[in-house]
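Quick notes on the structure that follows.
Every read-out reported here was derived from the displayed coordinates using simple, explicitly stated rules and does not represent laboratory data. Keep in mind it's a predicted model, so treat the numbers as computed, not measured. Here the Cβ is made from the backbone with ideal geometry for all residues, glycine too, and neighbour counts use every protein chain on show.
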Amino acid sequence: MENASKALLIAGAILICILLIGVGMMVFNGAQNSIGGALSKMDENEKLMFNQPFTNYEGERVSGSNVRALIRQAISNNSANQDVDGKLVSISIDGTAITATPEALNTNEMSAASAKVNTGATYKVVLEYNEYGLVNNIVATKNGAKK
């Protein structure tokens, strides 16, 4: 009888351990899904607030000084969101692409590209969006430039 009660206690302890491990895995998976889906769950207002500083500059005939301001906005945004890959904005000026990643924001290259923008010219500015609906690339092409 004594051995049977010890066996039941051991079996109960094992079941409780399995249950605790299962609950721990559920909590961990739930946390991972919450973190991973944070960008995809942004509401429309948050997306509009993120995109608005960039959409002000989108158009067919944007002045060179506004393109410079747009590049400064991208640099500022990337510095503020350097740990969030989905919120980094890359640029492409007259075919020269500068990509921003969490490992390399490339702010010096973006500043150099900004200095090369002709303030007396006009540019066509097109914004590209990622799968979350956030601006992730700015393409500026000088009007009258050969493609």
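Okay, here's what the table says:
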| read-out | value |
| --- | --- |
| Cα-based helix-to-principal-axis angle, 64-80 vs the chain, degrees rounded to 10 | 20 |
| Distance (nanometres) between label positions extended 7 Å along Cα→Cβ at MET25 and GLU131 | 2.6 |
| Residues MET26, MET42, sorted so that the one with the fewest Cβ neighbours within 10 Å comes first | MET26, MET42 |
| Label corresponding to Kirkwood radius over Cα pairs in Å when calculated from the structure given, among (i) 16.6; (ii) 15.7; (iii) 18.4 | (iii) |
| Magnitude of the charge dipole, the chain, Cβ model with Lys/Arg +1 and Asp/Glu -1, debye to 20 | 580 |
| Of GLY144, SER5, ALA69, farthest towards positive along the dipole that unit charges on Lys, Arg, Asp, Glu beta carbons give the chain | GLY144 |
